[in-house]
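Let me begin by presenting the structure, written as structure tokens, before commenting on it.
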Amino acid sequence: MSRAFTPKIITANALLAGDVIYFTASEDWTRHLTEAEVLEDEAHAQIRLLEASVDPDVVGVYLADVTVSAQGVQPAH
């Protein structure tokens with residue numbers, strides 16, 4: 001039996017500043033975790049990861065596990 005997909009966000013580092021940034025639903029980057037697009041489908045997450053990865057102003061783009069609760073989005077680790 002396969003595991004359930006854990007919600008994810010896309011994160012990276014801004015190339016020049018080095019800040020941690022998060023990919024939004026409007027295909028922008030933000031420094032605020034609460035503004036990150038939460039991905040709840042594995043196929044959609046992979047597509048969004050490819051879209052985010054083409055930005056030349058970011059490095060280290062990857063999917064990070066999150067939990068979503070009444071308090072908002074929180075890192076899962």
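Note the angle between two axes, namely the Cα long axis of helix 42-53 and the longest principal axis of the Cα atoms of the chain, as a number of degrees from 0 to 90, rounded to the nearest 10. Its long axis makes an angle of about 10 degrees. Taking 44, 77 and ordering them by how much accessible surface each has at a 1.4 Å probe, largest first, produces 77, 44. Over the chain, with every protein chain in place, what whole percent of the accessible area is carbon and sulfur at 1.4 Å, could you tell me? Answer for the chain is 54 percent, counting heavy atoms of protein chains only.
Relative to the Cα centre, what is the charge dipole magnitude of the chain, using +1 at the beta carbon of each Lys and Arg, -1 at the beta carbon of each Asp and Glu, and rounding to the nearest 20 debye?
Its charge dipole is roughly 280 debye.
Ordering 36, 77, 16 by Cα displacement along the dipole of the stretch 5-77 toward the positive end leaves 77 in first place; charges were set at the Cβ atoms of Lys, Arg (+1) and Asp, Glu (-1). Its alpha carbons give the chain an Rg and a Dmax of 12.3, 43 Å. Summing Lys and Arg as +1 and Asp and Glu as -1 over all other residues whose Cβ lies under 12 Å from the Cβ of residue 25 gives a net charge of -4. The modelled label-to-label distance for the pair residue 15/residue 68, using points 7 Å beyond Cα in the direction of Cβ, is 3.1 nm.
The values are calculated or read from the model by the stated rules, or taken from the named source; none is laboratory data. Bear in mind the structure is a predicted one, so any value in this text is a computation, not a measurement. In this analysis, Cβ positions are derived from the backbone assuming ideal geometry, glycine residues included, and neighbour counts consider all displayed protein chains. Heads up: the accessible areas ignore ligands, DNA and RNA and are worked out on the full protein's heavy atoms, side chains in. Shrake-Rupley method; radii C 1.70, N 1.55, O 1.52, S 1.80 Å.
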